[in-house]
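The values are calculated or read from the model by the stated rules, or taken from the named source; none is laboratory data. This structure is a prediction, so every number in the text was calculated from the model and none was measured. A quick note on method: Cβ atoms are made from the backbone with ideal geometry, for glycine too, and the neighbour counts reach across all protein chains shown. Surface areas here come from the heavy atoms of the whole protein model, side chains and all, with no ligands, DNA or RNA. Shrake-Rupley method; radii C 1.70, N 1.55, O 1.52, S 1.80 Å.
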Amino acid sequence: MATIENGRGGLGTVRNAVTLLELLADGPAYHQLTDLAERSAMSIPTVHRLLRSLVLADLAVQDPATSRYGLGPELARLSHHYLTRLPLIGAASPYLSQVRDKVGATVHVEVLVSGEVVYVDRVDGGVVGPYRESNRVHRALETAGGRLLAARASEEQWQQAVRLVDPEEQESARAARAEWAAGEWLAHEPDDMTMPAEVAVPVLDASGAAVGALAADLPDPGDETHIAQAAAYLGRAAKAAGRTLGHG
């Protein structure tokens, strides 16, 4: 049986390519070759070779005007195919509009990936607001759903989420982890004014693992009655989705 080496053409190449994709996803839309080499701790020839391969596969693009590199359109196609096969979306989607109508706000389906929370589905409420984002990815600990998921995740996934925030936030997150992991729901108002406050509940599969979260935007984060009502509606939908996953 052939073995996969860590050298050129093997797992090492794949890991290095993934590292470059992660760097391309961080910060501005386009990045200089030399900056990518410095941040990845790889040589410029190695980075250039990998980027050429990624560009040929449409996983990356090169701006002809600046010669800088960015993420490619093939990632969007692969992401779409992944989402169409994600059981959580199919299990939760029948309930999103019902919850939206009850809470009068946008409802999301969220998953935890590499320390970030990814909003994989949504139903918009009546008042969308000035900061509508069709696709959202945020540091997990900046959102209610992300906090719930990170707190319940493996130690490795938890540490990934913690590393993405400032030292002061890391300390407070570690102190709150047990509370977040035990809670049936969580509300959070982020410091970033472009991000809405939200209340979230975990979606548990048959084994009791949190595979995602349902969240609703909070137009008035100070309305405790509305928050509790929204959490109750989300909780019922999450349990129904979890039963669907259990029958998978």
Among 164, 112, 96, whose mean-square fluctuation peaks in a Gaussian network model of the chain (Cα, cutoff 10 Å)?
164
With Cα springs under 10 Å, the Gaussian network model of the chain assigns the largest mean-square fluctuation among 208, 12, 222 to 12
With an 8 Å cut-off on Cα pairs and a minimum separation of 6 or more residues, tell me the relative contact order of the chain in percent.
15
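Report the per residue volume, in Å³, of the convex hull enclosing the C-alpha atoms of the range 153-248.
Working: hull volume 11.2 nm³, N = 96.
Cα-based convex hull of the range 153-248, divided per residue, equals 116 Å³.
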Accessible area per residue of the chain at 1.4 Å probe, in Å²?
56
If I model a spin label as a point 7 Å beyond the Cα along the Cα-Cβ vector, how far apart are those points for residue 171 and residue 44 in nm?
4.2
Formal net charge of residues neighbouring residue 40 (Cβ-Cβ distance under 12 Å; K, R +1; D, E -1):
-2
To the nearest 0.05, the calculated FRET efficiency linking residue 124 and residue 220 through their beta-carbon distance, R0 being 22 Å, is 0.80
Please identify the DSSP H helices in the chain that span no less than 20 Å along the helix axis (Cα) and have a mean Kyte-Doolittle hydropathy of -0.5 or more.
11-25, 87-103, 224-246
Apply the Debye scattering formula to the range 40-181, with a single equal point scatterer on each alpha-carbon and no solvent, then give log10 I(q)/I(0) at q = 0.11 Å⁻¹.
-0.60
Can you compute log10 of I(q)/I(0) for the chain with the Debye formula, treating each Cα as one identical point scatterer, at q = 0.07, 0.08, 0.18 Å⁻¹?
-0.28, -0.37, -1.32
Gaussian network model of the chain, Cα within-10 Å springs - most flexible of 168, 224, 142:
168
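First compute the accessible area of the chain with a 1.4 Å probe, then give the percent of it belonging to carbon and sulfur atoms.
Carbon and sulfur atoms account for 52 percent of the accessible area of the chain.
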What's the Kirkwood radius of the range 36-77 in Å, using all Cα pairs?
10.6
Square roots of five times the Cα gyration tensor eigenvalues for the range 66-111, Å
31, 15, 6
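Considering every Cα-Cα pair within the range 31-112, what fraction, in whole percent, is farther apart than 20 Å? Don't jump to the answer; show the numbers that get you there.
On the way: 1823 of 3321 pairs.
Of the Cα pairs, 55 percent sit more than 20 Å apart.
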Would you report the distance distribution of C-alpha pairs in the range 153-207 as whole percents per 5 angstrom bin, up to the bin with the largest distance?
4, 15, 20, 28, 23, 8, 2, 1
